[in-house]
Amino acid sequence: MTGLRVIFVVHSVITLAAAMVLVIYPSFIPGTVDIKIGQQQNLLCYFLAAAELSIAYLSFLQEFKRP
């Protein structure tokens, strides 16, 4: 496995983990930098989680498309 492939796999795993945290506990990641998220703003976290999932998928897909 080359260095670039390792980077793609590690990136997809970390991004997938961040997306799962945003879906399960939406106020955790914004709370680490003292941003208070109420129940009304959870939709923003879900949108960010959807973007993270798509980025993780594209990064993971890139691993298998390389010859």
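Where a number appears in this text, it was derived from the coordinates with a stated rule and is not lab data. If you're wondering where the values come from, they're calculated on a predicted model, not measured in any experiment. Because the Cβ atoms are built from the backbone with ideal geometry, glycine has one as well, and the counts that use them run over all protein chains shown.
Using 0.36 nm times the number of residues separating Leu43 and Val10, minus their current alpha carbon distance, what extension gain do you get?
On the way: separation 33, 0.36 × 33 = 11.88 nm, distance 2.71 nm.
My answer for the length gained is 9.2 nm.
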Acute angle (nearest 10 degrees) that the helix 42-65 long axis makes with the longest principal axis of the chain, alpha-carbon atoms: 0
Which FRET efficiency value, to the nearest 0.05, is calculated for Met20 and Glu63 with the Förster distance at 25 angstrom and r the Cβ-Cβ distance? 0.85
Label of the coordinate-derived value, log10 I(q)/I(0) by the Debye sum over Cα atoms at q = 0.11, 0.16, 0.21, 0.25 Å⁻¹, listed as [x] -0.24, -0.51, -0.84, -1.12; [y] -0.23, -0.50, -0.89, -1.25; [z] -0.32, -0.57, -0.79, -0.97: [z]
Quick one: angle between helix 3-24 and the longest Cα principal axis of the chain, in degrees between 0 and 90, rounded to 10, please. 20
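Ranked highest first by average number of other Cβ atoms within 10 Å, how do 4-15, 27-38 line up? Could you put the intermediate results ahead of the total?
Working: 4-15: 14.8, 27-38: 11.0.
The peptides rank, most packed first, as 4-15, 27-38.
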